[in-house]
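So the structure is just underneath, and the comments pick up after that.
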């Protein structure tokens, strides 16, 4: 079987937030900075240097490269804590507070689930949960990587692959997600969004086929 082109783990989060944003970044290769992206980059500088340390009986690896050949995913984990039995526990760093809107938090959860699928293939151990660390609140939010979240991660990986193969920009959502998006000026959601289809598009993002 021929190897499939890898999908960046970040594309899962981008697609879940907005398929058009995902296409602009990963198909059109465009990106613009805003306050939110700058805060995120500043936060990740703390964990972008690869390294290993021991803390509280745990081996902690920073900037660990990840891959999942089965789904064709590649990326990097901010932090992976290895429990005494060798089970990996990913911790993804995010700016802002852990008290996010549920739909945005679900996008973060999806990216973490993609990391778990990679770690399970790499280390051969089941990973039941991981955590998201939010810089503003300086608190972790533990995420159970259950069957439903795994299924969504697999489905979104397939959707991203179809998007990359098609190379076509989806229509904009033109909803509350656009206000915080650094690509808003390039996307022009107000001018291009089809008004009748917005709700249906948003509702379908996290649905899993039976």
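The values are calculated or read from the model by the stated rules, or taken from the named source; none is laboratory data. If you're wondering where the values come from, they're calculated on a predicted model, not measured in any experiment. Neighbour counts run over all protein chains shown; Cβ positions are idealised from the backbone, glycine included.
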Exercise. From the residues in region 164-185 that are surrounded by fewer than 16 Cβ atoms within 10 Å (Cβ to Cβ) and under 13 Å from residue 103 (Cβ atoms), which one is nearest to the chain's Cα centre (by Cα)?
Worked result: 180
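Among the listed residues 47, 52, identify the single one that is touching a strand residue (DSSP E or B) at 6+ places or on another chain (Cβ under 6 Å), under 23 Å from residue 116 (Cβ atoms) and at pLDDT 85 or above.
On the way: 47 fails: at pLDDT 85 or above.
Within the list 47, 52, the selection yields 52.
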Problem set entry | Segments classed as helices (runs of 4 or more DSSP H), wholly inside region 107-207, with at least 1 members that are at pLDDT 95 or above and farther than 13 Å from residue 16 by Cβ | 147-166
Exercise. Just for region 1-44: of the residues that are part of a loop (DSSP other than H, G, I, E, B) and more than 23 Å from residue 186 (Cβ to Cβ), which one is modelled with the lowest pLDDT?
Worked result: 1
